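In what follows, a single structure is set out as structure tokens and then discussed.
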Amino acid sequence: MNAPTRRLKPAYKLDKSTAHYKRALDVMPLGVSSNFRFWGEGKTVYVKRGRGARIWDLDDNVYVDYRLGYGPAILGHCHPEVDAAAREGQQVGTVFALGTEREVAVAELIREMVPAAELVRFSNSGTEAVMAALRLARGFTGKDHYVTFEGSYHGLFDAAMWTADMANMTDPVKGPEIVTYGKGVPQLIRQLFWQVPYNDANRLETVLKAHAHNIAAVLIEPILGNCCGIPSKPEFLRAVRELCTRYGVLMIMDEVKTGFRVARGGAQQLYGVRADICTMAKAVANGYPIAAIGGREEIMRKFGRGIAHGGTYTAQAMSLAAAERTLTVLRDTSALGDIAAYGQDMQKGMERILSARGIPHSFTGHPSMSGLFFRETPPTNYRDWKASDYTFYDQLAGKLIARGVMCEPDSREPWFISAANGQSCLDETLNVFEEAVDLTLGELPADHANKTAPLMAGISS
């Protein structure tokens, strides 16, 4: 007797989302408010609502959400305690161009959880926080140059919109040309910018040894939040700290994504490394708009004493109330442990499915924000990822989304877990994942299938 054929979940229809896209296109560029929300006609999803670990689109298709707005909804969408706190905070008012009591309470909570944040200033977004941190470093040191690492992402402002052009690199010793993410970024900024490979302390020291007299800061993500969740090697992050101290350069830890997610005290707690300045944003208030800059007191005291920082909507009352409740939950409950455990269980399930089919794979990052990589050896830097073949992931992701598992279609973005994820989410995710893997295996183009035959047989590429 033949084994029963497994019933596949049909792909979702996006009729209403597509109709809305056409309407939106008439009044909005690409029909969206962020370039990254545009996935093409017939693919761009518009959300009707979110609850817990799931979101619903305009067609009432339901998805288990592993994007979480790129990480902010750490407790799940519309968390009742956080939303109740936000409504209570709203009774204070909206904006006053004056301070409120809760600013101090939230700043004290952040300092308690992140000892490096001896003093705290608030911003509205990760981009704004990093902008302020870089200005602060320059103002404190009196130097203008700065260093970042290949594959890092620090927001959408001119100083951060530079990347290594791996596609056109011809000399590995000389390295790739540094180019902008897009048009409109002044080329004059390039003369202030240095970039070195991730997880390579020797290359960083080479730059600092020659140019530290001009360099204000080394700006680093402890886990590459926009490149497969690739983590710093512990010895590398310790070396960055030591090199910054030795050469008189400030270490800015960009914890916009890792802050309050990978540990109560963020990656600084996880790695045991203390930055001079740090930024936090995504998980601070479970999706309400707020960010924070923290750092050594002697540095932070320069704000308002020669260094400008502000903003009409900074420390808005509703966001502060949401932040206070979110951080209290993360501090006082098992939420972060539960999130990590779920991420580990999901990886084990994916491991079982992929191994049964002889597909080499690995996971990168922290289980609360991990990347899936189709090679036995995980990448340790941006060059590893860029040189890999991510065709399988690209095709797989589209099939997952079309069947109710909302991952990022771009393999650079990690899968984010929320405290709202439970066993039903895991079961649904792994069932859809198995179907999507089989569909992807069956639909690889012939030339790609031939090229990756050894890979599909379980041999690392």
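Look through Gly248, Gly182 and report the one residue that is modelled with pLDDT under 95 and either surrounded by fewer than 18 Cβ atoms within 10 Å (Cβ to Cβ) or β-branched (Val, Ile, Thr) (or both). Show your work before the answer.
Working: Gly248 fails: modelled with pLDDT under 95.
The conditions single out Gly182.
Report those strands (runs of 3 or more DSSP E) wholly inside segment 75-168 carrying at least 3 residues which are within 21 Å of Thr314 (Cβ to Cβ).
119-123
Has segment 299-319 got at least one residue that is open to solvent by less than 10 Å² (accessible area, probe 1.4 Å) and either at positive phi or in contact with a Pro (Cβ under 9 Å, 6 or more places away or on another chain) (or both)?
Checking segment 299-319: at least one residue is open to solvent by less than 10 Å² (accessible area, probe 1.4 Å) and either at positive phi or in contact with a Pro (Cβ under 9 Å, 6 or more places away or on another chain) (or both).
If I ask for residues that are open to solvent by less than 30 Å² (accessible area, probe 1.4 Å) and either farther than 19 Å from Cys228 by Cα or of a type in the set (Ser, Thr, Tyr) (or both), which ones from segment 150-159 would you list?
Ser152, Phe157, Ala159
Take the residues of segment 222-245 that are of a type in the set (D, E, K, R) and over 13 Å from Arg274 (Cα atoms): which is least open to solvent (accessible area, probe 1.4 Å)?
It comes out as Lys233.
Between a first residue in segment 129-150 that is in contact (Cβ under 8 Å) with a residue 24 or more places away in the chain and among the aromatic types (Phe, Trp, Tyr) and a second residue that is open to solvent by 30 Å² or more (accessible area, probe 1.4 Å) and assigned to a helix (DSSP H, G or I), which pairs have beta carbons less than 8 Å apart while being 6 or more apart in sequence or on different chains?
Hits for this filter: Tyr146/Arg138; Tyr146/Leu192.
Would you check which residues across segment 320-335 are open to solvent by 20 Å² or more (accessible area, probe 1.4 Å) and part of a helix (DSSP H, G or I) and list them?
Glu324, Arg325, Thr328, Arg331, Asp332
Name the residue that is nearest to Glu112 (Cα to Cα), counting only residues in segment 263-272 that are touching a residue at least 40 places away in the same chain (Cβ under 8 Å) and open to solvent by 10 Å² or more (accessible area, probe 1.4 Å).
The selected residue is Arg264.
Restricting attention to segment 35-67, which residues are in a loop (DSSP other than H, G, I, E, B), out of contact with any strand residue (DSSP E or B) (no Cβ under 8 Å at 6 or more places or on another chain) and farther than 14 Å from Tyr21 by Cβ?
Residue satisfying the conditions is Asn61 alone.
Of everything in segment 390-413, what is part of a loop (DSSP other than H, G, I, E, B) and modelled with pLDDT of 95 or more? Give them in sequence order.
If the condition is that a residue be part of a loop (DSSP other than H, G, I, E, B) and modelled with pLDDT of 95 or more, then Arg403, Gly404, Cys407 are the ones that fit.
Working carefully through the options Ser319, Ser368, Ser355, Ser418, find the one that is of a type in the set (Gly, Ala, Ser), touching a Lys or Arg at 6+ places or on another chain (Cβ under 6 Å) and modelled with pLDDT of 95 or more. Steps first, please.
On the way: Ser319 fails: touching a Lys or Arg at 6+ places or on another chain (Cβ under 6 Å); Ser355 fails: touching a Lys or Arg at 6+ places or on another chain (Cβ under 6 Å); Ser418 fails: touching a Lys or Arg at 6+ places or on another chain (Cβ under 6 Å).
One residue alone meets the criteria, Ser368.
Let me confirm something: among Gly76, Gly99, Gly89, which residue is under 30 Å from Glu297 (Cβ atoms) and crowded, with 21+ Cβ neighbours inside 10 Å?
One residue alone meets the criteria, Gly89.
Report every pair of residues separated by at least 6 positions or lying on different chains whose Cβ atoms are under 6 Å apart, first residue within segment 389-412 and closer than 14 Å to Thr429 by Cα, second among the acidic types (Asp, Glu) and surrounded by 20 or more Cβ atoms within 10 Å (Cβ to Cβ).
Matching pairs, first to second residue: Met406/Asp65.
Find the residue count for segment 416-437, including only residues that are in contact (Cβ under 8 Å) with a residue 40 or more places away in the chain and open to solvent by 10 Å² or more (accessible area, probe 1.4 Å).
Applying the first criterion (in contact (Cβ under 8 Å) with a residue 40 or more places away in the chain) to segment 416-437 yields 416-422, 425-426, 428-437.
Retained after the next criterion (residues that are open to solvent by 10 Å² or more (accessible area, probe 1.4 Å)): 419-422, 426, 428, 430-431, 434-435.
Qualifying residue count, segment 416-437: 10.
Among the residues of segment 303-319, write down those that are closer than 22 Å to Phe260 by Cα, over 22 Å from the mean Cα position of the chain (by Cα) and not in a loop (DSSP other than H, G, I, E, B).
Once the filter is applied, which keeps residues that are closer than 22 Å to Phe260 by Cα, over 22 Å from the mean Cα position of the chain (by Cα) and not in a loop (DSSP other than H, G, I, E, B), segment 303-319 yields Ala317, Met318.
(1) more than 15 Å from Val437 (Cβ to Cβ); (2) open to solvent by 20 Å² or more (accessible area, probe 1.4 Å): which one isn't true of Met406, the others all being true?
Condition (2) is where Met406 drops out.
Rundown of residues vs (1) hydroxyl-bearing (Ser, Thr, Tyr); (2) at negative phi; (3) assigned to a loop (DSSP other than H, G, I, E, B), yes/no style:
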| position | (1), (2), (3) |
| --- | --- |
| Leu188 | no, yes, no |
| Asn199 | no, no, yes |
| His213 | no, yes, yes |
| Leu219 | no, yes, no |
| Gly229 | no, no, yes |
| Leu237 | no, yes, no |
| Val240 | no, yes, no |
| Cys278 | no, yes, no |
| Lys282 | no, yes, yes |
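The values are calculated or read from the model by the stated rules, or taken from the named source; none is laboratory data. The model shown is predicted, which means the values in this text are computed figures rather than measured ones. Neighbour counts run over all protein chains shown; Cβ positions are idealised from the backbone, glycine included. Heads up: the accessible areas ignore ligands, DNA and RNA and are worked out on the full protein's heavy atoms, side chains in. Shrake-Rupley method; radii C 1.70, N 1.55, O 1.52, S 1.80 Å.
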